[in-house]
Amino acid sequence: MTDDIFDFSYFSNEKNIEFRNNIEYPTANDNNSFIYIYKNKFSINELIIKINEQFEIIPSKDKKKKKISNKTLTKKRGRAPRKNGKKHRKDIHNRTCPCNIRTKITIAYISFLVQFINSCIEFILSEEDNINQYKIKKIFHSKNITINFIKELKHKTIKDIILNKFSSNHLSNKKNNNEKICETIISKNKELEIILNQNYMEFFDVFQNSKKEVNLKKYGINKILFLNSNVVLYKDFINNIKNKGGNDLDNYLINIGKIVQEYLKI
C-alpha cells in the first residue's frame with residue numbers, strides 16, 4: 001500500500017492494521033483532501049470499514065466478537081475424547097472395557113467359591129441338623145477390582161478371602177460371622193479345612209469349564225460332589241449376559257473370552 005492510493009484489498013491477508021501519523025488522501029476532487037491521524041494498531045477483527053463518499057475506519061464496539069467458521073463447535077465437559085487407538089472418553093465406563101470385565105469375572109468367581117464351599121459343607125455335613133447355620137455368608141464387593149488386587153487374591157487361600165484377610169477394601173464380609181462359621185465347620189470335619197486352605201484359583205477350572213461333578217479325593221474325601229443348579233458356573237454367567245442382550249453383545253462376549261484367558265496369566 002502506497003501513500004498515494006488507498007487499496008482495501010491490502011487488508012485481505014493482514015491480521016493487524018497500523019496507520020502512520022498525518023496520512024493525507026485525495027478525494028474525487030483533486031483540489032480537496034482530508035487527513036486522518038492514527039496512533040494505534042488495531043486487529044483486523046476489531047475494525048469495521050465503512051465506504052460511502054469517503055471511508056471511515058473505527059474500532060468495533062464488541063471486541064470479543066471474532067470470526068468463526070460455518071461449523072458449529074461444541075465442547076463437552078470433561079476430558080476431550082482421544083482417537084487413533086487410544087481410549088475414547090465415552091468408552092471409559094463401557095461394559096466391554098477390560099477393567100469392567102475383570103471385575104465381573106472376579107465377582108462371579110468369588111460368588112461361585114462361596115456357593116461351592118457351601119455345597120461341600122452341605123455334602124460333608126449332611127447328617128447335621130439345620131445345615132444352613134454352617135454355610136458361609138455372602139461376600140460384598142466394590143464396583144472396580146484392579147489387577148493388583150487380583151494378584152493379591154492369587155496369593156491367598158479361600159479361607160483368607162472368606163475371612164477378609166487381605167489389605168484392599170474391594171471385598172468385605174464384616175456384616176457376617178464367617179470366622180465363627182469356619183471355626184465350627186473345621187471342628188466338625190478336618191477335610192473341610194483342607195478345602196478351605198486351597199489357593200484362590202484352585203477351583204477356577206471347575207467354574208470356567210462349568211463342571212457339575214467334582215472329585216474330592218484330592219482333599220481327603222473319596223467321594224464325588226454333584227453341584228446343583230444353585231451354583232452359578234461360567235456358562236450360567238454367560239447365559240445371564242446373553243439374556244440381557246445389547247447392541248454390543250457379540251463384541252462383549254468376545255472380550256469376555258479374551259479376558260478370561262488373560263485372567264489366568266495375571
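The values are calculated or read from the model by the stated rules, or taken from the named source; none is laboratory data. Everything quoted here is computed from the prediction, not taken from an experiment. Note that we place each Cβ from the backbone using ideal geometry, even for glycine, and neighbour counts take in every protein chain shown.
Listed values, structure above:
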| read-out | value |
| --- | --- |
| The one condition in (1) within 28 Å of the chain's Cα centre (by Cα); (2) modelled with pLDDT under 55; (3) not aromatic (Phe, Trp, Tyr) that residue 62 fails to fulfil | (1) |
| Whichever residue in segment 224-238 is loosely packed, with under 12 Cβ neighbours inside 10 Å and of a type outside the set (A, V, I, L, M, F, W, C) and, among such residues, is farthest from the chain's Cα centre (by Cα) | 228 |
| Yes/no for residue 123 being aromatic (Phe, Trp, Tyr), under 20 Å from residue 212 (Cβ atoms), surrounded by 14 or more Cβ atoms within 10 Å (Cβ to Cβ) and assigned by TED's automatic domain parsing to the domain that holds residue 216 | yes |
| Segment 225-252: number of residues that are within 20 Å of residue 205 (Cβ to Cβ) and part of a helix (DSSP H, G or I) | 6 |
| Single match in 178, 189, 251 (criterion: polar (S, T, N, Q), surrounded by 12 or more Cβ atoms within 10 Å (Cβ to Cβ), touching a residue at least 12 places away in the same chain (Cβ under 8 Å) and under 15 Å from residue 125 (Cα atoms)) | 189 |
| Residue 230 being in contact with a helix residue (DSSP H, G or I) (Cβ under 9 Å, 6 or more places away or on another chain), closer than 30 Å to residue 97 by Cα, among the polar types (S, T, N, Q) and touching a residue at least 40 places away in the same chain (Cβ under 8 Å) | yes |
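Table: residues versus (1) surrounded by 12 or more Cβ atoms within 10 Å (Cβ to Cβ); (2) over 21 Å from the mean Cα position of the chain (by Cα); (3) assigned by TED's automatic domain parsing to the domain that holds residue 109; (4) closer than 16 Å to residue 106 by Cβ.
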{"site": "193", "(1), (2), (3), (4)": "yes, yes, yes, no"}
{"site": "201", "(1), (2), (3), (4)": "yes, yes, yes, yes"}
{"site": "210", "(1), (2), (3), (4)": "yes, yes, yes, no"}
{"site": "213", "(1), (2), (3), (4)": "no, yes, yes, no"}
{"site": "220", "(1), (2), (3), (4)": "yes, yes, yes, no"}
{"site": "256", "(1), (2), (3), (4)": "yes, no, yes, yes"}
